[in-house]
Amino acid sequence: MREEKVILVNEKDEPIGLMPKLEAHEKALLHRAFSVFVLNDNKEIMLQQRAHHKYHSPLLWTNTCCSHQREGETNIEAGKRRLQEEMGFSTELKELFHFIYKAPFDNGLTEHELDHVMIGYYNDEPKINNDEVESWKWMSVEAIKKDMEIHPEIYTVWFKIIFDEFYHFLEEHTI
């Protein structure tokens, strides 16, 4: 299996090079990423619980899927690929916005990402990949917001940041 590389970018999302994923996270270098939010007809978000053997943030809850684009891959192509790999289904995705964030982990790694946030719609059960995902559930936006205030420790660091951006986007836009 080839080593995953991330696309290093400047603050304008212009590619400036490639680097092995782990090295980019060790050096806290800005790189391109994406986050997918899948909603059902009840406007609930499909959350995933990260697999117990993940090297960081195991068993924490997060958005439907997220990862890094590969060289030559569009944001939408990357989102669809990873959605299929992690959650076992495909749906149309639409990019909503992007923003930059930086989040250090207890293990010395740092997420420093220019994150492209996408939305899709789906109403069936996923066919989760147990190498990536431990469990999943549907939750309303308001229930997530409230639960994050009560139990912040059960959510990934980046999901708390991304969800806040997503929540404010929903306040200002109709989806």
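The values are calculated or read from the model by the stated rules, or taken from the named source; none is laboratory data. All values derive from a computational prediction rather than experimental measurement. Here Cβ is always computed from backbone atoms with ideal geometry, including for glycine, and neighbour counts include all displayed protein chains. Note: areas computed on protein heavy atoms with side chains; ligands, DNA, RNA excluded. Shrake-Rupley method; radii C 1.70, N 1.55, O 1.52, S 1.80 Å.
When the stretch 1-21 is limited to residues that are touching a residue at least 12 places away in the same chain (Cβ under 8 Å) and more than 18 Å from Ala78 (Cβ to Cβ), the one that is most open to solvent (accessible area, probe 1.4 Å) turns out to be Glu11.
Out of all the residues in the stretch 90-122, which are of a type in the set (Phe, Trp, Tyr) and either in a strand (DSSP E or B) or open to solvent by less than 10 Å² (accessible area, probe 1.4 Å) (or both)? Matches in the stretch 90-122: Phe97, Phe99, Tyr101, Tyr121.
Across the stretch 124-175, the number of residues qualifying as of a type in the set (D, E, K, R), loosely packed, with under 11 Cβ neighbours inside 10 Å and closer than 12 Å to Met87 by Cα comes to 3. Thr110 meets all of the listed conditions (1) under 18 Å from Ala33 (Cβ atoms); (2) modelled with pLDDT of 95 or more but one, namely (2). In the stretch 45-77, the qualifying residues are those that are open to solvent by 50 Å² or more (accessible area, probe 1.4 Å) and of a type in the set (Asp, Glu), and the one that is nearest to Lys12 (Cα to Cα) is Glu71. Taken across the stretch 36-44, residues that are open to solvent by less than 10 Å² (accessible area, probe 1.4 Å), aromatic (Phe, Trp, Tyr), touching a Leu at 6+ places or on another chain (Cβ under 9 Å) and not in a loop (DSSP other than H, G, I, E, B) do occur, with at least one present. When every residue of the stretch 66-88 is checked against the conditions, at least one turns out to be under 27 Å from Ile144 (Cα atoms) and part of a strand (DSSP E or B).
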